[in-house]
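Derivation of every value follows stated rules applied to the coordinates shown; laboratory data play no part. Keep in mind that this is a model prediction, so the values were computed, not measured. Note that we place each Cβ from the backbone using ideal geometry, even for glycine, and neighbour counts take in every protein chain shown.
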Amino acid sequence: MKKEFRVKKIPQCLKQTKIGEGANAACYVTTSGRLYKELHGEGEDDYITKQLLDYKYPGLAFPEQIIYLNDKVKGFLRDVVEGTKVSDLDLTKTDISDFLLAMIVFENQLRDFSYDTGLSLYEINNNNLIYTKDKRLVNIDTDNTQPFDYLGYKVGNPFFENMKEFANSIAPILLTGNFKSQRLNQLQKECLLGGYMRPSTFVSEALDKMDHFIDVRTISDYQKGLTLLRK
């Protein structure tokens with residue numbers, strides 16, 4: 001598969017159906033059924049972009065082909081990831097055990113990516129995390145990936161930085177609260193502030209504590225259990 005295309009004008013076949021737009025780019029489904037993400041403005045340099053084409057991690061949907069316009073990166077092509085945004089999940093129907101397993105697998109992929117590349121991902125959030133039909137978590141916004149943090153200093157441990165991003169993403173539904181258990185409070189702190197602990201570790205321990213007084217099957221049940229653990 002050819003990885004780079006240089007064009008003088010963006011062909012209309014890439015912009016068959018618009019499916020969303022953000023501050024930096026708009027996304028389309030092409031006539032061939034792929035996803036095309038077009039950057040606003042004149043485009044960007046390809047300092048990091050070319051590296052991303054060679055990365056293959058199932059939980060991270062990296063650009064697979066670059067579109068150049070006037071020697072600037074104007075957009076990317078990749079396969080469409082089918083599923084539901086985590087922000088749009090029906091929590092009353094989403095099985096907590098399946099979601100926990102998806103978290104663990106995603107964290108392992110995030111670990112491998114972090115230590116293999118030394119890069120940090122800055123767009124892991126509930127609108128970019130997709131829960132697929134085969135019960136996997138996939139981050140679909142990966143082109144904003146850099147070797148430095150926002151202040152321009154080298155990231156000491158990219159895995160911790162990336163794990164914090166993931167923890168902050170799922171915090172609204174799985175981590176929030178101040179608990180009677182000091183162990184849970186410490187795990188939550190280490191997830192959200194330090195990235196030292198995987199969020200799945202917190203969820204696993206919380207489920208163990210809930211097992212004594214509530215039947216937990218869905219994320220909604222789990223949220224009810226969190227409320228009880230705060231009392």
In what sequence do Asp90, Asp98 fall when counting other Cβ within 10 Å, fewest first?
-> Asp90, Asp98
Listed by chain and number, the residues whose amide H is under 5 Å from that of Leu60, excluding neighbours fewer than 5 places away on the same chain and using placed H, are Asn139
For the stretch 4-78, what is the relative contact order in percent, using Cα pairs closer than 8 Å and at least 6 residues apart in sequence?
-> 33 percent
Kindly provide the helix-only [θ] at 222 nm of the chain, computed as the sum of -39,500 (n - 2.57) over DSSP H runs of four or more divided by all residues, to the nearest 500 deg cm²/dmol?
-> -10000 deg cm²/dmol
Average Cα contact separation per residue, the stretch 83-230, under 8 Å, 6 or more apart, as relative contact order % = 28 percent
Using the count of nearby Cβ atoms within 10 Å as a rough guide to exposure, how do Val216, Val7 rank from fewest to most?
-> Val7, Val216
How do His212, His40 line up, fewest other C-beta atoms within 10 Å first?
-> His212, His40
First select every other residue whose beta carbon is under 14 angstrom from the beta carbon of Ser97; then total the charges, Lys and Arg +1, Asp and Glu -1.
-> -3
Which distance in Å, rounded to a whole number, links the C-alpha centroids of the stretch 165-209 and the stretch 4-27?
-> 39 Å
In degrees between 0 and 90, to the nearest 10, how far off the longest principal axis of the chain does helix 96-117 point, with axes built from Cα atoms?
-> 50 degrees
Checked against a 22 Å limit on the C-alpha separation, the offending pairs among Lys15/Lys74; Lys164/Lys224; Lys3/Lys56; Lys56/Lys135 are Lys164/Lys224
Quotient of Cα radius of gyration and Kirkwood radius for the chain, i.e. Rg/Rh, equals 1.02
What does the charge dipole of the chain about its Cα centre add up to, to the nearest 20 debye, if the Cβ of each Lys and Arg holds +1 and the Cβ of each Asp and Glu holds -1?
-> 260 debye
Cross-link partners among aspartates and glutamates for Lys9, C-alpha distance below 15 Å, same-chain residues fewer than 8 apart left out?
-> Glu38, Glu42, Asp71
